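**Q** Have a look at this one.
The values are calculated or read from the model by the stated rules, or taken from the named source; none is laboratory data. This one's a predicted model, so the numbers in the text were calculated from it and none came from an experiment. Because the Cβ atoms are built from the backbone with ideal geometry, glycine has one as well, and the counts that use them run over all protein chains shown. With ligands, DNA and RNA removed, areas are computed over all heavy atoms of the protein, side chains included. Shrake-Rupley method; radii C 1.70, N 1.55, O 1.52, S 1.80 Å.
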Amino acid sequence: MRRTLAVSLTLLTVTALATPTTAAPAAKPRQATLTNFAFLPAETFLPGTEPSGAALGTAPINGVTPPFADQPVQGFSGLVRNSDGTFDAISDNGYGTKANSADFTLRIHRIAPDFRTGRVDVVGGITLTDPNGHIPFPLTRPDRVITGADIDIESVTRGADGTYWMGDEFGPYLLHFDRAGRLLAPPAPLPGVRAPENPAGDPNLGGSKGFEGITLSPDGRTINALLEGTVAGDTPGTLRLDEFDIAANRFTGKTWKYRLEDPNFAIGDAIAVDANRLLVIERDSAQGADAIVKRVYLADKRDRDEDGKLDKTLVADLLNLANPKHIGGQADPFTFPFVTIEDVTILDDRTIAVLNDNNFPSSSGRTPGKPDNDEFITIRLAENLHADPRVLRRR
């Protein structure tokens, strides 16, 4: 059953103690608290758009039968806050692979929550295109609308001029789009790093392990781009964070290392707090009752313990949130048990927003056998971030 674009949304606020992961012995952090909960129904589609999901076959997936008459609004893998209370959320490559996503068009969706009513509308959006032929390899569509078989966008940030920068996993590339979604320049590759999907060949990075998190510096001059996977030859479980100079349109060669809690884990997103610190979502690859690690860390480039990696402080555990009032009809404690949690943005100095990627129709972390909704939560931290004021003002 297809739904309209009007969706239900409630604000979630949690409180968490910042606890250094390197402290020994570390005091157990206070349990975070759920205060509101929101969701975008899994079966939300853009009316009047092109059919999608043909390569998924015709057998039901979590009770949903493809293909779909319209494009689904799903796969949220990056989030940008707007000044009017709306958010821009990007859809990733579609259904998980190049082979099955050729009829999924890449898009920025604008979602407008009304926290008084608990509802949100998808009020608009733009489709990504390459009308000037900047992408050097053949695209799926002759009209140069970009699909999930061409590029896998997994992260987004926005410059002061209103243009969008997006991180891709197939290159990995950085891509620069104007406010209408038109590609402005050739994709910028990360020197010396290639994914299996890169047409240049000779990969040294795992499939779909490219730029999972990108974030603009407070001064607006550089982008930090965080890989999801470990480059061959690097220590297992370490991820490169690379600096990109916007004016020069190139990577500077400056890099840091982020250490995962386990080499089998992955990051979901990143956003700058100031020139030295950023928030990073870290997760395991399980869902539902099997999920163990879904966390938000504060990572510091200054490496005060001199171990060659970013220092990490836990600021929110998304699998253990107190919910004594049973907000949204959910249990106490509340968990955010999704396989992919891929969106984080700063709302104020103690509040962040987090959103999952529901991998429609494949993920079923909330209810086995049913496709996950996109759940939108906000998290209020126990301590201020002391963020750069420019980050807090940025829209």
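**Q** Of N264, N198, N373, which is the most mobile in a GNM of the chain whose springs link Cα atoms less than 10 angstrom apart?
**A** N264
**Q** Right, next: Show me, bin by bin at 10 Å from 0, the whole-percent P(r) of region 266-321 based on Cα pairs.
**A** 24, 47, 24, 5
**Q** Just need the Rg to Rh number for region 125-211, please, alpha carbons only, Kirkwood Rh. All intermediate terms of the calculation are to be shown ahead of the outcome.
**A** Details: Rg = 12.5 Å, Rh = 13.1 Å.
Using Cα coordinates only, the ratio equals 0.95.
**Q** Number of Lys pairs in region 255-366 with C-alpha atoms less than 22 angstrom apart, excluding same-chain neighbours closer than eight positions?
**A** Working: K257/K294; K257/K301; K257/K309; K257/K312; K294/K309; K294/K312; K301/K309; K301/K312.
Number of lysine pairs found: 8.
**Q** Lys and Arg at +1, Asp and Glu at -1: add these up for the other residues within a Cβ distance under 11 Å of G229 and post the number.
**A** Numbers: positive: K209, R240; negative: E169, E212, E228, D234.
Residues close to G229 contribute a combined charge of -2.
**Q** Over all distinct Cα pairs, what is the inverse of the mean 1/r for region 55-203, reported as the Kirkwood hydrodynamic radius in Å? Could the numbers behind the result be given before it?
**A** On the way: mean 1/r = 0.0614 Å⁻¹.
For region 55-203, inverting the mean 1/r across all distinct Cα pairs yields 16.3 Å.
**Q** Let me ask you something else. Among D332, D284, D374, which one shows the biggest mean-square fluctuation in a GNM of the chain, springs joining Cα atoms closer than 10 Å?
**A** Its mean-square fluctuation being the largest, the pick is D332.
**Q** Right, next: Between region 186-222 and region 265-286, how far is it from one alpha carbon centroid to the other, in angstrom?
**A** Measuring centre to centre over Cα atoms gives 16 Å.
**Q** Over the chain, with every protein chain in place, what whole percent of the accessible area is carbon and sulfur at 1.4 Å, could you tell me?
**A** Working: 7910 of 15580 Å².
That fraction is 51 percent.
**Q** Would you calculate, for the chain, the mean residue ellipticity at 222 nm contributed by helices, counting each DSSP H stretch of 4 or more residues as -39,500 (n - 2.57) and dividing by all residues, to the nearest 500?
**A** 0 deg cm²/dmol
**Q** If you place +1 on the Cβ of every Lys and Arg and -1 on the Cβ of every Asp and Glu, how big does the dipole about the Cα centre of the chain come out, in debye to the nearest 20?
**A** Working: 41 positive and 52 negative charges, 151 e Å.
Using only the charged Cβ atoms, the result is roughly 720 debye.
**Q** Here's something else I'd like to know. Tell me which label goes with the value of semi-axes √(5λ) of the Cα gyration tensor in Å computed from the coordinates here: (1) 47, 25, 19; (2) 28, 27, 20; (3) 36, 21, 20.
**A** (2)
**Q** For the chain, set up a GNM with springs between Cα atoms under 10 Å and report which of Q71, Q31, Q287 has the largest fluctuation.
**A** Q31
**Q** Moving to a separate point now. For the pair A247 and D202, how long in nm is the line joining their label points, each one 7 Å along Cα→Cβ?
**A** The answer from the label model is 3.3 nm.
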